[in-house]
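**Q** After the C-alpha coordinates below, expect a handful of questions from me.
The values are calculated or read from the model by the stated rules, or taken from the named source; none is laboratory data. Remember, predicted model here, so these are calculated numbers, not experimental data. Cβ atoms come from the backbone with ideal geometry, glycine included; neighbour counts cover every protein chain shown. Surface accessibility is based on the protein's heavy atoms, side chains included, excluding ligands, DNA and RNA. Shrake-Rupley method; radii C 1.70, N 1.55, O 1.52, S 1.80 Å.
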Amino acid sequence: MPKLRFPGFEEAWAEKNIDSILVRASNGFQPDLDGTYREIGVRSHGRGIFHKEAVLGAALGEKRVFHVIPNALVLNIVFAWEQAVALTTDREKGFIASHRFPMFLEREGRSYLPFILELLLTKRGKQLLEMASPGGAGRNKTLGQQEFLRLKVKVPQRIEQKKIAAFLRAMDEKLGILRKKRDLLATYKRGVMQLLFSQTFRFKHDDGTDFPDWEEKRLGEVFDWVRTNNLSREHLTHQGGEIQNIHYGDIHTKFKANFRQAEESVPFISPSAGISGFADEEFCRLGDVVIADASEDYADIGKAIEVVNVRDKSLVAGQHTHLARPKSQQTALGFSGYLLRSAPMRRQIVRVAQGISVLGISKTNLERLILWLPHPDEQRRIADFLSALDTKIEAVAQQITQTDAFKKGLVQQMFL
(Lines give C-alpha, C1' and ligand atoms only; values in the text may rest on other atoms or scores of the structure.)
Protein backbone atom coordinates (compact mmCIF):
# COMPACT_ATOMS: atom_id res chain seq x y z
CA MET A 1 0.00 0.00 0.00
CA PRO A 2 1.18 3.57 -0.59
CA LYS A 3 2.57 5.61 2.31
CA LEU A 4 -0.08 8.32 2.00
CA ARG A 5 -3.82 7.66 1.52
CA PHE A 6 -7.07 9.45 2.00
CA PRO A 7 -9.09 8.43 5.07
CA GLY A 8 -11.43 5.50 4.59
CA PHE A 9 -9.29 3.61 2.08
CA GLU A 10 -7.49 0.59 3.48
CA GLU A 11 -7.80 -2.08 0.80
CA ALA A 12 -4.49 -3.08 -0.83
CA TRP A 13 -3.87 -1.90 -4.38
CA ALA A 14 -4.33 -4.66 -6.97
CA GLU A 15 -1.79 -5.53 -9.67
CA LYS A 16 -3.45 -5.61 -13.08
CA ASN A 17 -2.49 -5.72 -16.74
CA ILE A 18 -3.23 -2.46 -18.50
CA ASP A 19 -5.43 -4.29 -21.01
CA SER A 20 -7.72 -5.25 -18.11
CA ILE A 21 -8.37 -1.61 -17.20
CA LEU A 22 -8.01 0.18 -20.56
CA VAL A 23 -9.38 -0.56 -24.01
CA ARG A 24 -7.95 0.67 -27.31
CA ALA A 25 -10.30 3.03 -29.12
CA SER A 26 -10.02 4.14 -32.74
CA ASN A 27 -12.22 5.84 -35.27
CA GLY A 28 -10.43 5.58 -38.60
CA PHE A 29 -11.62 7.25 -41.78
CA GLN A 30 -10.55 8.12 -45.31
CA PRO A 31 -9.75 11.83 -45.60
CA ASP A 32 -11.33 13.88 -48.35
CA LEU A 33 -8.51 15.08 -50.60
CA ASP A 34 -10.05 18.57 -50.74
CA GLY A 35 -10.96 18.65 -47.05
CA THR A 36 -9.09 20.61 -44.39
CA TYR A 37 -7.78 18.80 -41.32
CA ARG A 38 -5.78 19.60 -38.19
CA GLU A 39 -3.66 17.02 -36.43
CA ILE A 40 -2.69 16.83 -32.78
CA GLY A 41 0.72 16.23 -31.27
CA VAL A 42 1.72 15.17 -27.74
CA ARG A 43 4.68 16.78 -25.99
CA SER A 44 7.16 14.84 -23.90
CA HIS A 45 7.42 15.00 -20.10
CA GLY A 46 3.66 15.31 -19.61
CA ARG A 47 3.48 18.77 -21.17
CA GLY A 48 0.20 18.09 -22.92
CA ILE A 49 -1.33 18.23 -26.37
CA PHE A 50 -0.59 20.78 -29.08
CA HIS A 51 -2.47 21.54 -32.30
CA LYS A 52 -0.78 21.51 -35.69
CA GLU A 53 -1.59 23.83 -38.58
CA ALA A 54 -4.44 22.89 -40.90
CA VAL A 55 -3.58 20.90 -44.04
CA LEU A 56 -5.49 19.60 -47.03
CA GLY A 57 -6.43 15.94 -47.09
CA ALA A 58 -4.25 15.49 -50.16
CA ALA A 59 -1.18 16.49 -48.09
CA LEU A 60 -1.78 13.57 -45.72
CA GLY A 61 -0.82 11.13 -48.48
CA GLU A 62 -1.00 7.48 -47.44
CA LYS A 63 -0.86 8.29 -43.74
CA ARG A 64 -3.41 6.36 -41.65
CA VAL A 65 -5.44 8.86 -39.66
CA PHE A 66 -8.19 8.71 -37.05
CA HIS A 67 -10.71 11.09 -35.55
CA VAL A 68 -9.57 12.24 -32.12
CA ILE A 69 -11.79 10.87 -29.38
CA PRO A 70 -12.35 13.44 -26.60
CA ASN A 71 -11.61 12.42 -23.02
CA ALA A 72 -9.24 9.61 -23.98
CA LEU A 73 -5.71 8.71 -22.95
CA VAL A 74 -3.37 9.34 -25.88
CA LEU A 75 0.29 8.45 -26.28
CA ASN A 76 2.94 9.48 -28.76
CA ILE A 77 4.51 6.09 -29.51
CA VAL A 78 7.79 7.66 -30.69
CA PHE A 79 8.41 9.49 -27.42
CA ALA A 80 6.26 7.53 -24.96
CA TRP A 81 9.50 6.59 -23.18
CA GLU A 82 9.88 10.32 -22.45
CA GLN A 83 6.35 10.35 -21.01
CA ALA A 84 4.69 11.83 -24.09
CA VAL A 85 1.24 11.03 -22.74
CA ALA A 86 -1.85 13.19 -22.25
CA LEU A 87 -5.63 13.31 -22.04
CA THR A 88 -7.71 14.61 -24.94
CA THR A 89 -10.49 17.10 -24.18
CA ASP A 90 -13.42 18.70 -25.94
CA ARG A 91 -10.92 21.17 -27.43
CA GLU A 92 -9.74 18.33 -29.68
CA LYS A 93 -13.17 17.66 -31.20
CA GLY A 94 -12.86 17.63 -34.98
CA PHE A 95 -9.10 17.07 -34.91
CA ILE A 96 -7.36 14.03 -36.33
CA ALA A 97 -4.39 11.92 -35.22
CA SER A 98 -2.06 9.59 -37.08
CA HIS A 99 -1.42 5.96 -36.16
CA ARG A 100 1.45 7.22 -33.97
CA PHE A 101 -1.07 8.47 -31.41
CA PRO A 102 -3.11 5.51 -30.11
CA MET A 103 -6.02 6.38 -27.81
CA PHE A 104 -7.44 4.41 -24.89
CA LEU A 105 -10.66 4.54 -22.87
CA GLU A 106 -11.65 3.16 -19.47
CA ARG A 107 -12.69 -0.47 -19.52
CA GLU A 108 -16.04 -1.08 -17.81
CA GLY A 109 -15.47 1.40 -15.00
CA ARG A 110 -12.29 -0.28 -13.77
CA SER A 111 -10.09 2.75 -14.13
CA TYR A 112 -10.19 6.54 -14.09
CA LEU A 113 -8.16 8.08 -16.90
CA PRO A 114 -6.88 11.18 -15.02
CA PHE A 115 -5.45 8.80 -12.41
CA ILE A 116 -3.85 6.59 -15.07
CA LEU A 117 -2.26 9.68 -16.60
CA GLU A 118 -0.80 10.70 -13.22
CA LEU A 119 0.45 7.15 -12.70
CA LEU A 120 2.26 7.16 -16.07
CA LEU A 121 3.88 10.49 -15.20
CA THR A 122 5.49 9.08 -12.04
CA LYS A 123 9.03 7.71 -11.97
CA ARG A 124 7.59 4.19 -11.99
CA GLY A 125 5.35 5.13 -14.91
CA LYS A 126 8.38 6.24 -16.91
CA GLN A 127 10.09 2.93 -16.21
CA LEU A 128 7.02 1.06 -17.47
CA LEU A 129 6.83 3.12 -20.65
CA GLU A 130 10.53 2.50 -21.28
CA MET A 131 9.98 -1.25 -20.78
CA ALA A 132 7.31 -1.16 -23.48
CA SER A 133 9.57 0.85 -25.82
CA PRO A 134 12.40 -1.46 -26.90
CA GLY A 135 15.19 -0.28 -29.15
CA GLY A 136 17.97 2.30 -29.15
CA ALA A 137 17.82 5.98 -28.35
CA GLY A 138 15.49 8.59 -29.78
CA ARG A 139 13.12 7.64 -32.55
CA ASN A 140 14.19 3.99 -32.43
CA LYS A 141 12.56 3.56 -28.98
CA THR A 142 9.04 3.14 -30.32
CA LEU A 143 6.26 2.06 -27.95
CA GLY A 144 4.92 -1.39 -28.72
CA GLN A 145 1.17 -1.19 -28.20
CA GLN A 146 0.82 -4.85 -27.29
CA GLU A 147 3.76 -4.52 -24.90
CA PHE A 148 2.03 -1.48 -23.39
CA LEU A 149 -1.23 -3.38 -22.86
CA ARG A 150 0.65 -6.25 -21.17
CA LEU A 151 2.31 -3.94 -18.63
CA LYS A 152 1.39 -4.62 -15.01
CA VAL A 153 0.37 -1.68 -12.83
CA LYS A 154 -0.85 -1.46 -9.25
CA VAL A 155 -4.07 0.50 -8.88
CA PRO A 156 -6.70 1.08 -6.18
CA GLN A 157 -10.46 0.96 -6.64
CA ARG A 158 -11.84 3.53 -9.09
CA ILE A 159 -13.34 5.69 -6.30
CA GLU A 160 -9.89 6.10 -4.75
CA GLN A 161 -8.39 6.76 -8.17
CA LYS A 162 -10.83 9.64 -8.59
CA LYS A 163 -9.97 11.03 -5.17
CA ILE A 164 -6.24 11.02 -5.92
CA ALA A 165 -6.67 12.51 -9.39
CA ALA A 166 -8.96 15.28 -8.12
CA PHE A 167 -6.44 16.26 -5.46
CA LEU A 168 -3.55 16.36 -7.94
CA ARG A 169 -5.71 18.28 -10.42
CA ALA A 170 -6.32 20.89 -7.71
CA MET A 171 -2.55 21.15 -7.19
CA ASP A 172 -2.06 21.61 -10.94
CA GLU A 173 -4.72 24.32 -11.01
CA LYS A 174 -2.91 26.16 -8.21
CA LEU A 175 0.34 25.88 -10.15
CA GLY A 176 -1.43 27.15 -13.27
CA ILE A 177 -2.73 30.20 -11.40
CA LEU A 178 0.74 30.96 -10.04
CA ARG A 179 2.35 30.59 -13.47
CA LYS A 180 -0.24 32.87 -15.01
CA LYS A 181 0.38 35.44 -12.25
CA ARG A 182 4.13 35.27 -12.90
CA ASP A 183 3.63 35.67 -16.66
CA LEU A 184 1.26 38.62 -16.18
CA LEU A 185 3.76 40.35 -13.91
CA ALA A 186 6.55 39.75 -16.44
CA THR A 187 4.38 41.14 -19.24
CA TYR A 188 3.51 44.17 -17.12
CA LYS A 189 7.20 44.74 -16.39
CA ARG A 190 8.08 44.64 -20.10
CA GLY A 191 5.34 47.16 -20.82
CA VAL A 192 6.49 49.46 -18.02
CA MET A 193 10.08 49.29 -19.22
CA GLN A 194 8.94 50.26 -22.70
CA LEU A 195 7.15 53.32 -21.30
CA LEU A 196 10.03 54.31 -19.02
CA PHE A 197 12.91 53.99 -21.45
CA SER A 198 11.00 55.58 -24.32
CA GLN A 199 10.37 58.47 -21.89
CA THR A 200 6.63 58.11 -22.47
CA PHE A 201 6.23 57.91 -18.71
CA ARG A 202 8.38 60.08 -16.43
CA PHE A 203 8.78 60.23 -12.68
CA LYS A 204 8.72 63.60 -10.90
CA HIS A 205 10.40 65.19 -7.90
CA ASP A 206 8.62 64.76 -4.56
CA ASP A 207 7.31 68.32 -4.92
CA GLY A 208 5.72 67.47 -8.27
CA THR A 209 8.22 69.32 -10.46
CA ASP A 210 9.76 67.70 -13.51
CA PHE A 211 13.19 66.16 -13.58
CA PRO A 212 15.64 67.57 -16.15
CA ASP A 213 15.68 66.22 -19.70
CA TRP A 214 17.60 63.01 -20.26
CA GLU A 215 21.16 63.46 -21.52
CA GLU A 216 22.66 61.68 -24.51
CA LYS A 217 25.97 59.96 -23.79
CA ARG A 218 28.16 57.36 -25.43
CA LEU A 219 28.75 54.23 -23.37
CA GLY A 220 32.48 54.93 -23.54
CA GLU A 221 31.91 58.29 -21.84
CA VAL A 222 30.22 56.66 -18.88
CA PHE A 223 32.20 53.42 -18.36
CA ASP A 224 35.82 52.26 -18.32
CA TRP A 225 36.86 48.69 -19.10
CA VAL A 226 38.34 46.33 -16.53
CA ARG A 227 40.24 43.17 -17.46
CA THR A 228 38.39 39.85 -17.15
CA ASN A 229 39.72 36.28 -17.05
CA ASN A 230 39.23 33.51 -19.60
CA LEU A 231 38.29 30.60 -17.34
CA SER A 232 35.96 28.05 -18.95
CA ARG A 233 33.41 25.88 -17.14
CA GLU A 234 35.94 23.09 -16.59
CA HIS A 235 37.87 25.37 -14.23
CA LEU A 236 34.81 26.21 -12.12
CA THR A 237 33.15 24.29 -9.30
CA HIS A 238 30.10 24.55 -7.05
CA GLN A 239 31.85 22.65 -4.25
CA GLY A 240 33.00 25.83 -2.54
CA GLY A 241 35.98 28.14 -2.68
CA GLU A 242 37.12 31.69 -2.05
CA ILE A 243 36.49 33.51 -5.35
CA GLN A 244 33.32 33.25 -7.42
CA ASN A 245 33.47 33.65 -11.19
CA ILE A 246 30.70 35.02 -13.44
CA HIS A 247 30.40 32.90 -16.59
CA TYR A 248 28.75 34.40 -19.66
CA GLY A 249 26.40 31.44 -20.01
CA ASP A 250 24.87 32.22 -16.62
CA ILE A 251 24.21 35.81 -17.74
CA HIS A 252 22.25 34.32 -20.64
CA THR A 253 20.13 31.98 -18.56
CA LYS A 254 20.14 32.71 -14.81
CA PHE A 255 20.99 36.17 -13.63
CA LYS A 256 18.56 39.09 -13.39
CA ALA A 257 19.40 42.66 -14.45
CA ASN A 258 20.34 43.52 -10.85
CA PHE A 259 22.88 40.94 -9.71
CA ARG A 260 23.12 40.19 -5.99
CA GLN A 261 26.04 37.94 -5.15
CA ALA A 262 24.46 36.81 -1.87
CA GLU A 263 21.36 35.53 -3.68
CA GLU A 264 22.81 33.92 -6.81
CA SER A 265 24.38 30.50 -7.31
CA VAL A 266 27.74 31.45 -8.80
CA PRO A 267 30.48 28.84 -9.33
CA PHE A 268 33.82 29.15 -7.59
CA ILE A 269 37.21 29.04 -9.27
CA SER A 270 38.61 25.55 -8.81
CA PRO A 271 42.11 25.13 -7.32
CA SER A 272 42.96 23.13 -10.47
CA ALA A 273 42.63 26.33 -12.52
CA GLY A 274 46.09 27.35 -11.30
CA ILE A 275 45.16 31.00 -10.69
CA SER A 276 47.64 32.65 -8.33
CA GLY A 277 45.66 35.83 -7.75
CA PHE A 278 43.91 38.88 -9.19
CA ALA A 279 44.74 42.55 -9.15
CA ASP A 280 42.52 44.63 -6.85
CA GLU A 281 40.79 46.40 -9.75
CA GLU A 282 39.78 43.05 -11.33
CA PHE A 283 37.37 42.22 -8.50
CA CYS A 284 33.77 43.29 -9.13
CA ARG A 285 32.54 46.37 -7.30
CA LEU A 286 29.13 47.93 -6.71
CA GLY A 287 27.80 49.46 -9.91
CA ASP A 288 29.99 47.36 -12.23
CA VAL A 289 28.28 46.05 -15.35
CA VAL A 290 29.19 42.61 -16.73
CA ILE A 291 28.30 42.09 -20.40
CA ALA A 292 28.17 38.73 -22.19
CA ASP A 293 30.19 39.16 -25.37
CA ALA A 294 29.40 35.81 -27.02
CA SER A 295 26.21 33.95 -27.90
CA GLU A 296 24.69 31.74 -30.56
CA ASP A 297 21.58 33.90 -30.83
CA TYR A 298 20.66 37.58 -30.85
CA ALA A 299 18.45 37.29 -27.76
CA ASP A 300 21.48 36.83 -25.50
CA ILE A 301 24.36 38.63 -27.19
CA GLY A 302 25.38 41.66 -25.16
CA LYS A 303 23.08 40.74 -22.28
CA ALA A 304 24.18 42.59 -19.15
CA ILE A 305 23.94 42.48 -15.37
CA GLU A 306 24.74 45.20 -12.86
CA VAL A 307 26.41 44.23 -9.59
CA VAL A 308 24.30 45.71 -6.78
CA ASN A 309 25.43 43.39 -3.96
CA VAL A 310 28.98 42.04 -3.59
CA ARG A 311 31.39 40.82 -0.95
CA ASP A 312 34.80 42.45 -0.94
CA LYS A 313 37.34 40.82 -3.29
CA SER A 314 35.34 37.65 -3.83
CA LEU A 315 33.82 38.02 -7.30
CA VAL A 316 35.38 38.29 -10.77
CA ALA A 317 34.08 38.23 -14.36
CA GLY A 318 35.14 35.32 -16.54
CA GLN A 319 35.13 33.88 -20.01
CA HIS A 320 33.45 35.85 -22.82
CA THR A 321 32.54 38.81 -20.65
CA HIS A 322 33.32 42.52 -20.68
CA LEU A 323 33.49 44.31 -17.32
CA ALA A 324 32.42 47.96 -17.46
CA ARG A 325 33.07 50.21 -14.45
CA PRO A 326 31.34 53.62 -14.01
CA LYS A 327 33.73 56.52 -14.43
CA SER A 328 31.86 58.85 -12.08
CA GLN A 329 28.51 59.36 -10.36
CA GLN A 330 26.62 59.56 -13.66
CA THR A 331 24.68 56.37 -12.93
CA ALA A 332 22.67 55.48 -9.83
CA LEU A 333 23.16 52.01 -8.36
CA GLY A 334 20.74 49.53 -9.94
CA PHE A 335 19.86 51.61 -13.01
CA SER A 336 22.46 50.49 -15.59
CA GLY A 337 21.39 46.84 -15.59
CA TYR A 338 17.83 47.78 -16.54
CA LEU A 339 19.00 50.41 -19.02
CA LEU A 340 21.16 47.92 -20.94
CA ARG A 341 18.28 45.42 -21.06
CA SER A 342 15.77 48.00 -22.30
CA ALA A 343 14.38 47.71 -25.84
CA PRO A 344 16.20 50.81 -27.23
CA MET A 345 19.56 49.48 -25.99
CA ARG A 346 18.89 45.91 -27.13
CA ARG A 347 18.18 47.16 -30.65
CA GLN A 348 21.52 48.97 -30.72
CA ILE A 349 23.40 45.99 -29.34
CA VAL A 350 21.94 43.58 -31.87
CA ARG A 351 22.93 45.91 -34.73
CA VAL A 352 26.62 45.93 -33.75
CA ALA A 353 26.90 42.20 -32.97
CA GLN A 354 29.11 40.33 -35.43
CA GLY A 355 29.44 36.71 -36.44
CA ILE A 356 27.50 33.89 -38.07
CA SER A 357 27.31 30.69 -36.01
CA VAL A 358 28.65 32.44 -32.91
CA LEU A 359 27.96 36.12 -32.33
CA GLY A 360 30.40 38.47 -30.65
CA ILE A 361 30.46 42.11 -29.65
CA SER A 362 33.63 44.17 -29.23
CA LYS A 363 34.44 46.82 -26.64
CA THR A 364 34.95 49.32 -29.46
CA ASN A 365 31.43 48.78 -30.75
CA LEU A 366 30.00 48.87 -27.24
CA GLU A 367 31.72 52.18 -26.53
CA ARG A 368 29.83 53.77 -29.43
CA LEU A 369 26.39 52.82 -28.09
CA ILE A 370 24.18 55.78 -27.22
CA LEU A 371 22.90 55.92 -23.64
CA TRP A 372 20.05 58.22 -22.66
CA LEU A 373 20.61 59.04 -19.00
CA PRO A 374 18.04 60.73 -16.75
CA HIS A 375 18.96 62.69 -13.63
CA PRO A 376 20.45 60.34 -10.99
CA ASP A 377 17.42 60.86 -8.74
CA GLU A 378 15.11 59.79 -11.56
CA GLN A 379 17.40 56.84 -12.23
CA ARG A 380 16.90 55.77 -8.60
CA ARG A 381 13.11 56.03 -8.97
CA ILE A 382 13.21 53.86 -12.10
CA ALA A 383 15.58 51.31 -10.57
CA ASP A 384 13.58 51.05 -7.33
CA PHE A 385 10.30 50.61 -9.21
CA LEU A 386 11.65 47.87 -11.52
CA SER A 387 13.48 46.17 -8.66
CA ALA A 388 10.23 46.01 -6.70
CA LEU A 389 8.59 44.33 -9.69
CA ASP A 390 11.44 41.83 -9.91
CA THR A 391 10.99 41.06 -6.23
CA LYS A 392 7.31 40.30 -6.81
CA ILE A 393 8.08 38.12 -9.82
CA GLU A 394 10.76 36.24 -7.88
CA ALA A 395 8.38 35.69 -4.94
CA VAL A 396 5.81 34.09 -7.25
CA ALA A 397 8.55 32.01 -8.92
CA GLN A 398 9.57 30.69 -5.51
CA GLN A 399 5.94 29.81 -4.76
CA ILE A 400 5.83 27.85 -8.02
CA THR A 401 9.03 26.00 -7.14
CA GLN A 402 7.85 25.19 -3.63
CA THR A 403 4.37 24.09 -4.74
CA ASP A 404 5.80 21.93 -7.52
CA ALA A 405 8.24 20.30 -5.09
CA PHE A 406 5.41 19.75 -2.60
CA LYS A 407 3.31 18.06 -5.27
CA LYS A 408 6.19 15.82 -6.37
CA GLY A 409 6.77 14.81 -2.77
CA LEU A 410 3.11 13.89 -2.35
CA VAL A 411 3.07 11.92 -5.62
CA GLN A 412 5.99 9.81 -4.40
CA GLN A 413 3.96 8.85 -1.34
CA MET A 414 0.55 8.47 -3.03
CA PHE A 415 1.60 5.97 -5.70
CA LEU A 416 3.19 2.55 -5.56
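**Q** List the GluC sites (Glu not before Pro) within region 63-157 that DSSP assigns to loop and that have no more than 14 neighbouring Cβ atoms inside 10 Å. It would help to have the intermediate numbers written out before the result.
**A** Working: sites: 82, 92, 106, 108, 118, 130, 147; in loops: 108.
In loop regions of region 63-157 (DSSP not H, G, I, E or B), the sparsely surrounded GluC sites (Glu not before Pro) are 108.
**Q** Please give the calculated 222 nm ellipticity per residue for the chain, where each DSSP H segment of at least 4 residues contributes -39500 (n - 2.57) and the sum is spread over every residue; nearest 500 deg cm²/dmol? Working shown, then result.
**A** Values: 10 runs with 134 residues, N = 416.
Result for the chain: -10500 deg cm²/dmol, rounded to the nearest 500.
**Q** Right, something else. Quick one: check the C-alpha center-to-center distance for region 164-217 versus region 71-101, whole angstrom.
**A** A separation of 36 Å, based on Cα centres.
**Q** Can you tell me the 0 to 90 degree angle between the C-alpha axis of helix 343-352 and the longest principal axis of the chain, rounded to 10?
**A** On a 0 to 90 degree scale, this one is about 80.
**Q** Given the peptides 250-260, 336-346, arrange them by the average over their residues of other C-beta atoms within 10 Å, most packed first.
**A** Values: 250-260: 19.1, 336-346: 21.3.
With the highest mean Cβ count within 10 Å placed first, the list reads 336-346, 250-260.
**Q** Residue 237 label point, 7 Å along Cα→Cβ, cut-off 20 Å on backbone N: hits in region 303-345?
**A** 314-319
**Q** Given the Cα-Cα distance of residue 254 and residue 23 and 0.36 nm per residue of separation, how much length would full extension add, in nm?
**A** Values: separation 231, 0.36 × 231 = 83.16 nm, distance 4.54 nm.
Result: 78.6 nm gained on full extension.
**Q** Please report the equivalent ellipsoid semi-axes of region 253-293, computed as sqrt(5 x eigenvalue) of the Cα gyration tensor, largest first, in whole Å. Mind dumping the intermediate values first?
**A** Working: eigenvalues 88, 43, 22 Å².
After diagonalising the Cα gyration tensor, the semi-axes are 21, 15, 10 Å.
**Q** When you take every Cα atom in region 239-334, what is the radius of gyration, and what is Dmax, the widest Cα pair distance, in Å?
**A** 13.1, 40
**Q** Taking a ≥ b ≥ c as the square roots of the Cα gyration tensor eigenvalues, with a/c under 1.5 meaning rounded and otherwise prolate when a/b beats b/c, else oblate, which class fits region 181-314?
**A** Details: a/c = 2.19, a/b = 1.77, b/c = 1.24.
Judged from the Cα gyration tensor, region 181-314 comes out prolate (a/c at least 1.5, a/b above b/c).
**Q** Given 4 °C and 1.567 mPa s, how large is the Stokes-Einstein diffusion coefficient of the chain in µm²/s, with Rh as the Kirkwood radius over Cα pairs?
**A** Details: Rh = 25.8 Å.
Reported coefficient: 50 µm²/s.
**Q** With an 8 Å Cα cut-off and a minimum separation of 6 or more residues, compute the relative contact order for region 279-416 in percent.
**A** Values: 163 pairs, mean separation 33.3, N = 138.
Across region 279-416, relative contact order equals 24 percent.
**Q** Mind jotting down the distance between the C-alpha centroids of region 141-159 and region 341-388, whole Å?
**A** Using only Cα atoms to place each centre, the spacing works out to 55 Å.
**Q** Take the cross-link list 174/407; 123/254; 189/392; 174/408; 52/180; 93/174 and give me the ones stretching past 18 Å between alpha-carbons.
**A** Values: 174/407 11 Å; 123/254 28 Å; 189/392 11 Å; 174/408 14 Å; 52/180 24 Å; 93/174 27 Å.
Correct reply: 123/254; 52/180; 93/174.
**Q** Let me ask something additional. Rounded to the nearest 0.05, what FRET efficiency do residue 159 and residue 34 have when you use their Cβ-Cβ distance and R0 = 45 Å? Intermediate results must be reported in sequence, preceding the final value.
**A** On the way: r = 49 Å, r/R0 = 1.08.
Result of the calculation: an efficiency of 0.40.
**Q** Could you tally the net charge around residue 227, taking each other residue with its Cβ under 10 Å from the Cβ of residue 227, Lys/Arg +1 and Asp/Glu -1? Please list the in-between numbers first.
**A** On the way: positive: none; negative: 281, 282.
Summing Lys and Arg as +1 and Asp and Glu as -1 gives -2.
**Q** On to the next question. Leaving ligands, DNA and RNA out of it, report the carbon-plus-sulfur percent of the accessible area of region 257-416 at a 1.4 Å probe. Numbers along the way, then the final one.
**A** Details: 3670 of 7300 Å².
The value for region 257-416 is 50 percent carbon and sulfur by accessible area.
**Q** If packing is taken as the mean number of other Cβ atoms within 10 Å per residue, what is the order of 4-16, 222-234, 303-315, highest first?
**A** Values: 4-16: 11.8, 222-234: 15.6, 303-315: 19.2.
Packing order, densest peptide first, comes out as 303-315, 222-234, 4-16.
**Q** May I pose another question? What is the Cα convex hull volume of region 14-135 when expressed per residue in Å³? Intermediate values should be presented prior to the final figure.
**A** Numbers: hull volume 13.4 nm³, N = 122.
Convex hull volume per residue, Cα atoms: 110 Å³.
**Q** If you roll a 1.4 Å probe over the heavy atoms of the protein chains, what accessible area per residue do you get for the chain, in Å²? Mind showing how you got there, number by number?
**A** On the way: 21580 Å² over 416 residues.
I get 52 Å² per residue for the chain.
**Q** Return the sequence-ordered ³J(HN,Hα) values of region 365-377 in whole Hz as given by the Karplus equation 6.51 cos²θ - 1.76 cosθ + 1.60 applied to θ = phi - 60°, using x for Gly and Pro.
**A** Once rounded to whole Hz, the list reads 5, 5, 4, 7, 4, 8, 10, 9, 10, x, 4, x, 5.
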